Amino acid sequence: MRMKVIALMLPLFGFSSVLSAATVITEQNISRLEAVLPQLAKIEQDSPAELKRLRLQPHCNWPQHVSELQAKESGKEYVAQMQQILAAHQLTPAVFLELTAKGAWPVLQSMQPMLNLSQQSLPFLQQAQRDQVEKTLAQTSHMQKVIQPCLTSEDLAALQQHQQRFINLAVSMPGLAI
């Protein structure tokens with residue numbers, strides 16, 4: 001998953017979530033996500049490297065995730081820009097965060113064979129490379145542990161239906177990195 005995209009989704013807050021579907025992974029929400037991500041990627045962030053270190057806690061309460069992240073990012077200048085862009089596309093921060101996190105699942109799954117090979121290659125890498133690969137593996141594992149328990153049967157069906165769309169969206173964004 002693209003770290004810049006993940007970093008962009010994390011500090012969002014300020015709107016109430018209005019959602020009646022069993023899953024946020026709907027055709028309409030995916031279209032909104034496709035429209036909003038390129039606009040969000042253009043925002044100059046105060047400290048993108050700092051945002052990459054933000055980690056979602058292991059719970060499925062998306063409004064609470066937003067509140068937790070609000071405390072870490074309050075007062076940052078770019079947050080208002082992000083909120084305006086989301087509002088223009090009729091996305092709340094909680095729905096955006098949930099949709100983006102769950103939409104990362106097909107990407108994480110498609111990367112699993114490469115991650116397994118990376119894990120097996122650790123003993124053969126130089127220390128600097130090993131440290132970087134271990135960091136990537138830990139980050140990916142954390143993302144999987146946060147997202148997987150939140151996936152409902154409706155989410156899994158929608159993700160299967162739109163799997164390639166989410167992968168294409170991730171690949172189209174600048175800064176692909178895990």
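Each Lys or Arg adds one and each Asp or Glu subtracts one; over the other residues with Cβ under 15 Å from the Cβ of L159, this totals -2. Estimated at 0.36 nm per residue, the fully extended path between E44 and A87 surpasses their Cα-Cα distance by 13.6 nm.
For the set K42/K72; K42/K76; K72/K145; K76/K145, the pairs lying more than 25 angstrom apart at their alpha carbons are K76/K145. Where a Cα-Cα gap under 13 Å defines reach, which aspartates and glutamates qualify for K102, not counting those fewer than 8 residues away within the same chain? Leaving aside aspartates and glutamates fewer than 8 places away in the same chain, those within reach of K102 are E154, D155. Judged by the mean number of other Cβ atoms found within 10 Å, the most tightly packed of the peptides 109-122, 147-160 leads the ranking 147-160, 109-122.
Throughout, read-outs are computed from the coordinates displayed, never taken from laboratory work. The shown structure was predicted, so the numbers you read here are calculated from the model rather than taken from an experiment. We place every Cβ from the backbone using ideal geometry, glycine too, and count neighbours over all the protein chains shown.
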